Amino acid sequence: MRGTGQSNPLRCPAIEDHVRAEPEAPMFPPDLVADCARELAGTSDLSQYSTANAARDIDAVRAALGYERIDLNAASYGTTLALRYIQDFPDRVRSAVLVGAAPADKMPPAHHAVNAKRGLDLLFDACAADPDCARQYPDLRAELAKADPGFTPMSKDFVGMQVQGISANPQIPVHAGLARFLKEQKAWNDKWKVAK
């Protein structure tokens, strides 16, 4: 896929260094993103790196291989691309398997933390409600915290961690799902903007 692998990869060493130095940071610093965009714009037409163009690339490969119709098997962001391909080229798809679907209006990673927290809470509640699981894991949340010390701050103050991340980058609009969640938790700051 264009922008990855050997297809004119779009890489920014400063952002990669940031990820290595702060793997749990909630967002990339805006100044690094702006620098990256300027750097890449000098060698690439960034408007050509889109889901729509990637879908056209898939169809060009399909045609070059001589297939009338193809089967799609996708996970995570690949499901967003597969859905776009199905929308743009419905007659070229024989079947599709989408695992961990990521709809276009819920682009990762903005909603991952909220969904991960909800999934873990549901798991903890289900275990507590099941006598066999509760007997085996009387405090599953604490067991996970022992196994992964990075889980402890999130389990103690998930909302606070989200607020801290947004406050550190207030100029970046907040994903609508996360904004709704924070409003429900009475942790929303009206100075923040919601992404459109």
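Readers should treat all values here as calculations from the given coordinates under stated rules, not as data from a laboratory. Remember, predicted model here, so these are calculated numbers, not experimental data. So basically every Cβ, Gly included, is an ideal-geometry build from the backbone, and we count neighbours across all protein chains shown.
Laid out as a table, the results:
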item	result
Under DSSP loop assignment and at most 10 Cβ neighbours within 10 Å, longest GluC sites (Glu not before Pro)-free interval of the chain	69-196
Shape parameters for the chain, alpha-carbon atoms, Rg then Dmax in Å	20.7, 61
Dipole of the chain, positive end: most advanced residue of 77, 181, 42 [Cβ charges, Cα centre]	181
Approximate spin-label separation residue 12-residue 190, in nm, with each point projected 7 Å along Cα-to-Cβ	3.3
The chain - charge dipole about Cα centre, Lys and Arg +1 at Cβ, Asp and Glu -1, debye rounded to 20	420
Cleavage-rule hits (trypsin sites (Lys or Arg not before Pro)) in the range 1-98: DSSP loop, at most 14 neighbouring Cβ within 10 angstrom	11, 69
Per-selection Rg to Rh, the range 51-106 - Cα, Kirkwood hydrodynamic radius	0.95
Within the chain, helix-based [θ] at 222 nm, where runs of 4 or more DSSP H residues each add -39,500 (n - 2.57), nearest 500	-16000 deg cm²/dmol
